[in-house]
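These notes concern the structure reproduced below.
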Amino acid sequence: MKRIKLVLPLVAIAAGLLLCTACKKEKEEQKSEHLPLVSDNNNDAITNIKWQLTKIGDKANDNYEIPLPVGDNLYWLQFNQNNTIEGFGCVNTFAGTYNLMPDKTSITIQIGCRTRVDEPYGYEEKLCNIMNDSTFVIQKTGNNLLLYYNGKNNYLEFVEIQ
């Protein structure tokens, strides 16, 4: 009887820890869930919104670059509903197409520069090189959009602008 009294609290503690671990894992999975480009209620859509580039990130090395200069209408892109994409860097415009993958959580992008003026900061060329013929995993949270690439080791971070 003494053994049972000693074992029961240990079993209860172990069960509680397992339950907490399972809940935490479920919350983490929900947090990292990738939202579709187009949903049934269209609240999570990223189309017809201007997205300004805020970071070019490297998760493997835990660092990122912030495009300069920061301005109201610099380094933005927009996904249009007709599968075209357009944008503006610092001095050049660019355009292309995108294709939504069947899972609706990733896209492929083909993009090219329309104008060819040398940009002093180098982010336009870098952005075009990253985006051209690449497949991205999409994650949208509120007014932020992350496009992961290179096996989710790198990302482009955008914020919605008016």
Quiz item: So, in the stretch 124-153, of the ones that are at pLDDT 85 or above and of a type in the set (Ser, Thr, Tyr), which residue ends up nearest to Asn80 (Cα to Cα)?
Solution: Thr135
Quiz item: When the stretch 106-125 is examined, which residues are found to be surrounded by fewer than 17 Cβ atoms within 10 Å (Cβ to Cβ) and either of a type in the set (Val, Ile, Thr) or touching a strand residue (DSSP E or B) at 6+ places or on another chain (Cβ under 9 Å) (or both)?
Solution: Thr108, Gln110, Gly112, Arg114, Thr115, Val117, Glu125
Quiz item: Hey, among Asn154, Asn144, Asn150, which residue is surrounded by 17 or more Cβ atoms within 10 Å (Cβ to Cβ) and within 14 Å of the chain's Cα centre (by Cα)?
Solution: Asn154
Quiz item: Failed condition for Asn143, given (1) touching an Asp or Glu at 6+ places or on another chain (Cβ under 7 Å); (2) in contact (Cβ under 8 Å) with a residue 40 or more places away in the chain, with all others met?
Solution: (2)
Practice problem: Of the numbered conditions (1) touching a residue at least 12 places away in the same chain (Cβ under 8 Å); (2) surrounded by 13 or more Cβ atoms within 10 Å (Cβ to Cβ), Asn73 fails exactly one; give the number of that condition. | Solution: (2)
Quiz item: Across the stretch 42-82, what is the total count of residues that are of a type in the set (S, T, N, Q) and either closer than 22 Å to Gly151 by Cβ or part of a strand (DSSP E or B) (or both)?
Solution: 6
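The values are calculated or read from the model by the stated rules, or taken from the named source; none is laboratory data. Remember, it's a predicted structure, so these values are computed and weren't measured experimentally. Methodologically, a virtual Cβ is constructed for each residue, glycine included, from the backbone with ideal geometry; neighbour enumeration extends over all protein chains shown.
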